[in-house]
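All remarks here apply to the structure that follows.
The values are calculated or read from the model by the stated rules, or taken from the named source; none is laboratory data. All values derive from a computational prediction rather than experimental measurement. No Cβ is skipped: glycine too gets one built from the backbone with ideal geometry, and neighbour counts run over all protein chains shown. Remember, those area values only see protein heavy atoms, side chains included, never the ligands or the DNA or RNA. Shrake-Rupley method; radii C 1.70, N 1.55, O 1.52, S 1.80 Å.
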Amino acid sequence: MNMNRPRSPILIIAYKEICDSSRNRWLAFMGSMFLLLSLSVSFAGSAVTGSLYLPELNSLMSSLSTISVFIIPLAAILLCYDSFVGEEEAGTLLLLLSYPLTRSQIIFGKLLGHITVMLVATGFAFGFTAALLLLVGEQYHSAELVAAFAQFLLSSNLLALTFILLSYIVSLKCTEKAKAIGCLLLLWFLFVLIYDLLLLTLLVSDFSFANQYLINILIALSPTDLYRAINLVAIEGEGASGGLAMIATTDWGLSAMYALFLLWIVSLTFISHRTFKRKPL
């Protein structure tokens with residue numbers, strides 16, 4: 001039995017995080033929530049029009065990304081807000097550091113475990129929805145549907161990874177779990193609601209200084225708006241409606257926006273690693 005257990009310190013810590021998420025039903029709860037969300041949008045989203053039909057692929061992916069931009073960051077925060085401050089309160093962080101482990105191994109082990117949990121939850125939910133659509137949606141082309149969901153899964157998990165790393169930094173800085181969750185919910189509120197609303201206000205306004213260069217910079221400064229822009233550009237903005245479609249007017253290509261997302265992740269990884277190394281015990 002023990003022969004199947006991982007031997008690398010990073011894999012051992014990742015395995016422990018995955019087991020914790022499975023044991024406390026977090027994985028089952030989030031997987032079910034994502035599944036309910038994707039099935040509702042795919043099969044019942046048209047009910048508001050007075051009839052039931054499967055939406056066009058562009059409209060479907062636009063609706064999924066519009067709702068996911070609220071849910072995925074929140075799920076990542078709830079998964080990781082107590083990663084360090086919770087262990088510190090329980091006294092297990094000091095115990096963990098007494099073992100022959102480096103701080104880099106601890107933080108990368110937690111990161112691997114948490115992103116695996118998010119990948120399993122989102123992959124199960126959105127993969128199951130894509131499989132159902134392939135079975136019952138005769139109007140969808142299989143290759144286009146699979147490519148659209150694969151792109152959506154990739155961008156969703158990059159967004160989750162960004163908020164996991166933000167949660168680590170806050171968890172390392174705070175001294176109580178209550179303060180950590182309060183700070184992270186404030187960050188979620190600012191990034192997902194306030195910044196997004198201000199950007200949309202700027203886009204629909206006729207300010208002379210709001211040129212495309214400024215708008216590109218403002219989109220790059222928020223991971224949630226990068227996520228929106230990636231998904232809107234991926235579907236060519238055809239399925240978007242109202243002010244949201246204006247985010248897709250950025251003249252960056254998908255590759256450049258994914259590179260910016262990776263820059264966010266590398267920067268936050270560096271900051272969280274540096275914060276942990278300097279954290280006194």
Item checked: Which numbered condition SER51 fails, given (1) at pLDDT below 90; (2) surrounded by 11 or more Cβ atoms within 10 Å (Cβ to Cβ) -> (2)
Item checked: Subset of segment 89-99 (residues that are over 14 Å from ASP20 (Cβ atoms), open to solvent by 40 Å² or more (accessible area, probe 1.4 Å) and either aliphatic (A, V, I, L, M) or in contact (Cβ under 8 Å) with a residue 60 or more places away in the chain (or both)) -> GLU89, LEU94, LEU95
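Check whether at least one residue in segment 116-124 is open to solvent by 30 Å² or more (accessible area, probe 1.4 Å) and without any contact (Cβ under 8 Å) to a residue 60 or more places away in the chain, and report yes or no. Show your work before the answer.
Of segment 116-124, the ones open to solvent by 30 Å² or more (accessible area, probe 1.4 Å) are 116, 119-120, 124.
Add one more test, that the residue is without any contact (Cβ under 8 Å) to a residue 60 or more places away in the chain, and what stays is 119.
Yes, segment 116-124 contains a residue that is open to solvent by 30 Å² or more (accessible area, probe 1.4 Å) and without any contact (Cβ under 8 Å) to a residue 60 or more places away in the chain.
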Margin query: Just checking, does segment 183-191 include any residue being open to solvent by less than 40 Å² (accessible area, probe 1.4 Å), touching a residue at least 12 places away in the same chain (Cβ under 8 Å), in a helix (DSSP H, G or I) and not polar (S, T, N, Q)?
Written below: yes
Next item on the list: Please determine, by comparing only the residues of segment 252-281 that are of a type in the set (Gly, Ala, Ser) and without any contact (Cβ under 8 Å) to a residue 40 or more places away in the chain, which one is surrounded by the fewest Cβ atoms within 10 Å (Cβ to Cβ).
Entry: SER255
Check: Here are some residues: LEU60, LEU111, LEU64, LEU79. Which one is buried (at least 18 other Cβ atoms within 10 Å of the Cβ), modelled with pLDDT of 95 or more and closer than 26 Å to PHE189 by Cα?
Finding: LEU111
Next item on the list: Would you mention how many residues in segment 21-38 are in a helix (DSSP H, G or I) and loosely packed, with under 15 Cβ neighbours inside 10 Å?
Entry: 7
